[in-house]
Structures are given as C-alpha cells and as structure tokens.
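J.: Following this message is one structure expressed as structure tokens.
The values are calculated or read from the model by the stated rules, or taken from the named source; none is laboratory data. These numbers were taken from a predicted model, which means no experiment stands behind them. In this analysis, Cβ positions are derived from the backbone assuming ideal geometry, glycine residues included, and neighbour counts consider all displayed protein chains.
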Amino acid sequence: MITLIETKNRDINGNAVFELRGKSTDTKPTVSFGGSTIGNGSSFFEIDTFKLFMYDGETGTWMTGDTEEV
C-alpha cells in the first residue's frame, strides 16, 4: 500500500510534486497518482529498504542516487 505523506508544490508544468512512502514490493506509480499527474522531483521512500527514489518527469522513471531506474 502506498501512502501519500504530502503533496508539495507544483513543477514547472503545474503537476503535483508528491512525497510518497511504501514497500519495495509496491508498484511505484508512473504518470499519475490519485488522479493527479506525478510532477518532476516527486519522491518515493521505501520503508523496508530505506531507499529514496526521485521521479524524473522527462523520462517517467524513478531513480535513486545510484541512477537505478524503476
């Protein structure tokens, strides 16, 4: 289950920048979450691995500091 912690600001295109949390086994949303387009710079924190992913709105992928794409 993915939990929305906070909807932060909007990106340059007006898309919501989310702060999301869930397990590594949860499918990370792409394109939209809760009816809103995912904004560039949104974050997803895996509570079981402690990995932080950032959303790249240009490529539509979640990336870590290791440049891992999901």
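J.: Quick one: is Thr67 over 10 Å from the mean Cα position of the chain (by Cα), at pLDDT below 95 and in a strand (DSSP E or B)?
T.: Details: over 10 Å from the mean Cα position of the chain (by Cα): yes; at pLDDT below 95: yes; in a strand (DSSP E or B): no.
When the stated conditions are applied, Thr67 does not pass them.
J.: Kindly indicate whether any position in segment 42-55 is over 11 Å from the mean Cα position of the chain (by Cα) and among the aromatic types (Phe, Trp, Tyr). Reasoning before the result, please.
T.: First, the residues of segment 42-55 that are over 11 Å from the mean Cα position of the chain (by Cα): 47-51.
Filter once more, so that each one left must be among the aromatic types (Phe, Trp, Tyr): 50.
Checked segment 42-55: at least one residue is over 11 Å from the mean Cα position of the chain (by Cα) and among the aromatic types (Phe, Trp, Tyr).
J.: Shifting gears a bit: For segment 11-37: of the residues being modelled with pLDDT of 90 or more and charged (D, E, K, R), which is nearest to Gly60 (Cα to Cα)?
T.: Filtering segment 11-37 for residues that are modelled with pLDDT of 90 or more and charged (D, E, K, R), the one nearest to Gly60 (Cα to Cα) comes out as Lys28.
J.: Can you pull out every residue in segment 13-64 that is part of a strand (DSSP E or B) and aliphatic (A, V, I, L, M)? Give the steps one after another, and end with the answer.
T.: We begin by selecting, within segment 13-64, every residue part of a strand (DSSP E or B); these are 16-22, 32-33, 36-38, 43-46, 52-56, 61-63.
Within segment 13-64, Ala16, Val17, Leu20, Ile38, Leu52, Met54, Met63 meet the criteria.
J.: Counting only residues that are touching a residue at least 24 places away in the same chain (Cβ under 8 Å) and polar (S, T, N, Q), which one in segment 10-34 is surrounded by the fewest Cβ atoms within 10 Å (Cβ to Cβ)?
T.: Once the filter is applied, the top-ranked residue is Asn13.
J.: Got a number for residues in segment 37-49 being under 15 Å from Ile5 (Cβ atoms) and either β-branched (Val, Ile, Thr) or loosely packed, with under 15 Cβ neighbours inside 10 Å (or both)?
T.: So the answer is 2.
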